[in-house]
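Here is the structure we will look at, set down as structure tokens.
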Amino acid sequence: MTKDEKNRIERDIITVLRTVYDPEIPVNIYELGLIYEISISEHAEVKVLMTLTTPNCPVAESLPLEVEQKVGDVKGVTKSTVELTFEPPWDQEMLSDEAKLELGFL
């Protein structure tokens, strides 16, 4: 896989992650800062390291599955896995400026 292909896949993944929303907050999970890392192997296998706003999040089961499915549907991706972590714990400092503006924090 070339660097350009890898960059395109990563851009497409970020685009699709911006279509996934936490049901309790009107901001997508990427701008919320819930995505800690996107790793793409030479064989286009993607691993997403993400968190939730709280460990008791009502979508703790369904949201990672939705992310895995949507990332797996990105053109060129051969495999998609999601790993949940709560280290470091999510806090409002992880919000993008766009999310802070949307939520009235700026």
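In segment 84-92, is there at least one residue being modelled with pLDDT of 95 or more and buried (at least 19 other Cβ atoms within 10 Å of the Cβ)?
no
Quick one: is Ile40 of a type in the set (Val, Ile, Thr) and over 30 Å from Gly104 (Cβ atoms)?
When the stated conditions are applied, Ile40 passes them.
Given the residues Glu102, Glu66, which is the only one that is among the charged types (D, E, K, R) and under 28 Å from Asp4 (Cα atoms)?
Among Glu102, Glu66, only Glu66 is among the charged types (D, E, K, R) and under 28 Å from Asp4 (Cα atoms).
Can you find, within segment 41-63, the residue that is surrounded by the fewest Cβ atoms within 10 Å (Cβ to Cβ) among those that are more than 21 Å from Arg8 (Cα to Cα) and among the β-branched types (Val, Ile, Thr)?
Filtering first and then ranking leaves Thr54.
Criterion first (in contact with a strand residue (DSSP E or B) (Cβ under 8 Å, 6 or more places away or on another chain), touching a residue at least 24 places away in the same chain (Cβ under 8 Å) and loosely packed, with under 12 Cβ neighbours inside 10 Å) does Thr19 satisfy it?
For Thr19, the condition - in contact with a strand residue (DSSP E or B) (Cβ under 8 Å, 6 or more places away or on another chain), touching a residue at least 24 places away in the same chain (Cβ under 8 Å) and loosely packed, with under 12 Cβ neighbours inside 10 Å - is met.
Can you tell me which of Ile29, Ile13, Ile40 is in contact (Cβ under 8 Å) with a residue 60 or more places away in the chain, under 19 Å from Gln69 (Cα atoms) and touching a strand residue (DSSP E or B) at 6+ places or on another chain (Cβ under 9 Å)?
Unique residue meeting the criteria: Ile13.
Taking Ser96, is it in contact (Cβ under 8 Å) with a residue 40 or more places away in the chain, out of contact with any Cys (no Cβ under 7 Å at 6 or more places or on another chain) and either of a type in the set (Asp, Glu) or closer than 30 Å to Asp4 by Cβ (or both)?
yes
Consider Glu66 carefully, then state whether it is farther than 12 Å from Val16 by Cα, among the acidic types (Asp, Glu) and surrounded by fewer than 19 Cβ atoms within 10 Å (Cβ to Cβ).
So Glu66 fails the test.
Any residue at all in segment 33-40 that's in contact with a His (Cβ under 9 Å, 6 or more places away or on another chain), under 21 Å from Met1 (Cα atoms) and either among the aromatic types (Phe, Trp, Tyr) or surrounded by fewer than 17 Cβ atoms within 10 Å (Cβ to Cβ) (or both)?
no
So which of Glu31, Glu42, Glu24, Glu37 ends up being part of a helix (DSSP H, G or I) and of a type in the set (Asp, Glu)?
Just one listed residue meets the conditions, Glu31.
Determine, yes or no, whether Ile14 is in contact with a Phe, Trp or Tyr (Cβ under 9 Å, 6 or more places away or on another chain) and either buried (at least 16 other Cβ atoms within 10 Å of the Cβ) or assigned to a helix (DSSP H, G or I) (or both).
Criteria met by Ile14.
The values are calculated or read from the model by the stated rules, or taken from the named source; none is laboratory data. Please read all numbers here as calculations on a predicted model, not as lab measurements. Note that we place each Cβ from the backbone using ideal geometry, even for glycine, and neighbour counts take in every protein chain shown.
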